[in-house]
1. In Å and on Cα atoms, what radius of gyration and Dmax does the chain show?
2. I'd like the FRET efficiency for Arg15 and Leu80, computed as 1/(1 + (r/R0)^6) with the beta carbon distance as r and R0 of 30 Å, rounded to 0.05.
3. How far is helix 103-123 tilted, in degrees, relative to the longest principal axis of the Cα atoms in the chain, given as a value from 0 to 90 rounded to the nearest 10?
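Each value in this text was obtained by applying a stated rule to the coordinates, not by laboratory testing. Model, not experiment: these values are computed from the prediction. Cβ coordinates were reconstructed from backbone atoms using ideal geometry, including for glycine residues, and neighbour counts include every protein chain displayed.
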Amino acid sequence: MGLRIPCVIGPDGRRDPTGYEGGTEVHLRGPLFEPMSGGEWVVRITEYETDEEHARFVDGQVGDSGPFEQWRHTHRFADLGGQTVVHDRVKYRLPVAGDLPLATPSLTAMLCYRHRRTRVLLED
């Protein structure tokens, strides 16, 4: 998808934290965001929970620093004894009147890529 992460800022304001937690801001750049946000999209982790068998975090777009009027992405992970299930729920609103038909395929492609990449990382 041509996305890069040029900057991650931890909740304490420091760049490149060792882990992501509530308050962490992730800056994303890529051609997908050029038309609506000048190429950058900033999301902040607003919720973060983890225990022995589950993990969950939520990120939301910071103000108007992205291509959406509203963005809330819930990530859930569950350990099923040797397998991990990844579940995403995305709620978003576009800043234009009506539906933009390309939004859903682009988001689907982005999430499918992330799921494939996550599978590779978890298998290592």
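1. 15.1, 46
2. 0.25
3. Roughly 20 degrees, rounded to the nearest 10.
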